[in-house]
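What follows draws every value from the coordinates through simple rules; no lab data is involved. As the structure is a computational prediction, the values presented were derived from the model and not from experiment. We place every Cβ from the backbone using ideal geometry, glycine too, and count neighbours over all the protein chains shown.
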Amino acid sequence: MIAVTLTQITFPGRETDLAQGRHWSTEPTRTPGLTLSLLGPVEAHRDGRPLHLGGAKPRTVLTALLLARGRVVPDSELTALLWGDAPPATSPAQIHTYASRVRQLIGPAAEVERRRPGYLIRLPHRGVRVDLAEFQDHARRGAAALAAGDPASAARLLRGALAVWRGVALGGVCEPLVRLERDRLEEERLVALEQRIDADLELGRHTALIPELTALIAANPLREGLRATLMTALYRAGRQADALAAYRAARATLDEELGIEPCAELRRLHQAVLTGHPSLLTTRTPHHRSLPGSP
């Protein structure tokens with residue numbers, strides 16, 4: 001069992017890095033510079049040209065330092081992320097080699113510093129773009145716009161956030177780091193996607209959403225939020241019988257996979273569809289509206 005926890009990377013729009021005493025920007029770099037990409041294969045580019053990071057281990061060191069966001073990552077954590085429970089006797093020397101390689105590649109725009117008992121990465125205010133920072137900033141602002149009743153801005157911002165992803169996150173790093181962080185990042189992506197769908201639903205795009213929701217549910221059959229949104233979209237498209245069938249499919253899947261009933265919100269939505277409650281035709285997102293019978 002590997003007991004390693006990396007600090008969650010949140011990257012609000014402008015945040016003070018206490019280690020540096022200055023602000024980091026999450027806006028895309030306006031001039032050519034260094035780009036560090038985690039949301040897909042882990043890559044680095046300078047002025048649009050790829051940097052050869054090497055194999056999985058230097059990529060893992062770079063990724064771990066970026067996810068720590070200015071925190072010192074101890075050698076013990078890096079050892080666990082690189083080799084799991086079976087590190088070689090030469091692991092300290094190898095970590096030094098990988099950190100040096102990353103330092104040479106991404107410097108001088110970014111700095112990899114030895115700070116006992118480990119390493120940290122320093123990024124300047126401008127000139128370096130981190131795709132995860134850009135995604136999280138756009139997703140945060142999109143969620144705020146949706147909550148504030150501005151679905152058009154929310155849809156635009158959330159589309160921008162999702163467009164940053166190039167594939168499965170953390171591609172090409174060592175498996176211990178994948179196990180530790182990939183599911184969390186994928187959950188963030190799915191939440192942003194669900195919020196973008198909610199914004200589109202408020203904008204009256206229910207018919208266009210039905211095929212997308214059907215495919216998403218096939219890939220994520222236990223996400224009840226997607227099931228609720230599909231039922232609402234079907235009902236608004238004049239397909240009440242299909243909305244009821246979608247609920248029956250959700251109930252059967254939850255029972256078969258988890259042995260549970262649908263959540264209270266989904267059950268209330270089912271009742272609303274059965275009775276044709278007028279709330280289903282309002283432009284309020286499924287995850288924030290009060291369904292009939294809600295407190």
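Across every pair of different alpha-carbon atoms, what Kirkwood hydrodynamic radius in Å does segment 110-167 reach? Numbers along the way, then the final one.
Numbers: mean 1/r = 0.0753 Å⁻¹.
For segment 110-167, inverting the mean 1/r across all distinct Cα pairs yields 13.3 Å.
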Among Gly204, Leu162, Leu266, the residue whose Cα sits farthest towards the positive end of the charge dipole of segment 152-292, when +1 is placed on the Cβ of each Lys and Arg and -1 on the Cβ of each Asp and Glu, is Gly204
By the Cα gyration tensor axes a ≥ b ≥ c (a/c under 1.5 gives rounded; else a/b larger than b/c gives prolate, otherwise oblate), the shape of segment 24-128 is prolate
Ala219 and Leu203 label points (each 7 Å along its Cα→Cβ direction) are spaced in nm at 2.0
Quick P(r) readout (segment 176-221; Cα-Cα; 5 Å bins; whole %) gives 5, 20, 21, 22, 14, 9, 5, 4, 1
Under 5 Å from the placed amide H of Gly118, counting only residues 5+ away or on other chains, we find Asp75
Reduced to Cα centres, the span from segment 112-153 to segment 183-222 in Å works out to 22
Expressed in angstrom and ordered largest first, the alpha-carbon extents of segment 165-295 along the principal axes are 53, 35, 28
Taking every C-alpha to C-alpha distance in segment 80-236 and binning by 5 Å from 0, the per-bin percentages run 2, 8, 13, 14, 16, 13, 9, 8, 8, 6, 3, 1, 0
